[in-house]
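Nothing in this text is a laboratory measurement; each read-out follows from the coordinates by a stated rule. Everything numeric here is computed off the predicted structure, so don't read it as measured data. All Cβ positions, glycine included, derive from the backbone under ideal geometry; neighbour counts span all protein chains shown.
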Ligand SMILES: [Zn+2]
């Protein structure tokens, strides 16, 4: 969510009234657990409490937030851009900056929705060779315009066979069912498959390929404060622009229905 600071608590030192800030999925952290003390606040042991908005969430006209989780935004950045970066953007920026910041990797993005299209933009801007894999042929032209170098339909057996053992980093952003064996077989030696989407289906594959190619399967969850600030600066410097459709908050139910029906590449941003 994006908004302006209207009131300050007595302990606030970094923000002032009128500042425009972006806030992600996480609004606080316990400050006491092992992960908070290490600065990895997104891994807080009490994340159930710290990632849930009380009393009001982002669809309301105001929220209360720990100032460390309200990030000042670059002045030239459109608010609808920032709104998408604060969740979908950071979710994919964090693993891409960890595994593919050198810019010489073969990165593949699986699933082309809100997270996936941002992953293509970030991976491309770091200088990597980017492939998009989808079950939807209609997204071909869109992903090339975002910076993808190649597009593969996952049902195209011949195309999937040609990319065996070729990707250094696989970004799994989908929530649907998929051919996991085909994906695992496309990981290069010492490569990594990073899961950032919540799949609704159990994952099954033959583990032999992981073993003999020393590849990894891992997860990634939002980011710490430092990476969040780094992502905002990188996005501003490289003019990263998520695909956005603005809608008035009064049409929120229409937006939810269209998400279910259309599986769009763009994010709907609700304006309150
Ligand atoms: Zn904690």
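Once the Cβ-Cβ distance of residue 62 and residue 32 is raised to the sixth power relative to R0 = 30 Å, the FRET efficiency obtained is 0.60. Relative contact order of the chain, taken over Cα pairs closer than 8 Å and 6 or more residues apart, is 18 percent.
Using a Gaussian network model of the chain in which every pair of alpha carbons under 10 angstrom is joined by a spring, one finds that among 194, 12, 92 the greatest mean-square fluctuation is at 12. With all projection directions averaged, the alpha carbon convex hull of the chain covers 15.1 nm². Of the Cα atoms belonging to region 88-219, the radius of gyration and Dmax stand at 13.1, 36 Å.
Pulled fully out, how much extra length does the chain show between residue 102 and residue 140, if you take 0.36 nm times their separation in residues and subtract their Cα-Cα distance? Between residue 102 and residue 140, full extension yields 11.0 nm more.
A Förster radius of 25 Å, combined with the Cβ-Cβ distance separating residue 272 from residue 45, puts the computed FRET efficiency at roughly 0.15. When DSSP beta bridges are restricted to pairs lying wholly in the chain, around 20% turn out antiparallel.
Contact order, relative form, for region 88-219: 22 percent (alpha carbon pairs under 8 Å, 6 or more residues apart, mean separation divided by residue count). Across region 96-111, the residues whose backbone nitrogen lies under 20 Å from the label position 7 Å along the beta-carbon direction of residue 175 are 109-111.
Could you calculate the contour length gain from residue 211 to residue 239, that is, 0.36 nm times the residue separation minus the distance between their Cα atoms, to one decimal place in nm?
Gain on stretching residue 211 to residue 239: 6.1 nm.
Mean-square fluctuation check for the chain, GNM, Cα pairs under 10 Å: which of 55, 95, 207 is largest? Largest GNM mean-square fluctuation: 55. Between residue 14 and residue 190, the modelled labels are 3.6 nm apart [label points 7 Å from Cα along Cα→Cβ].
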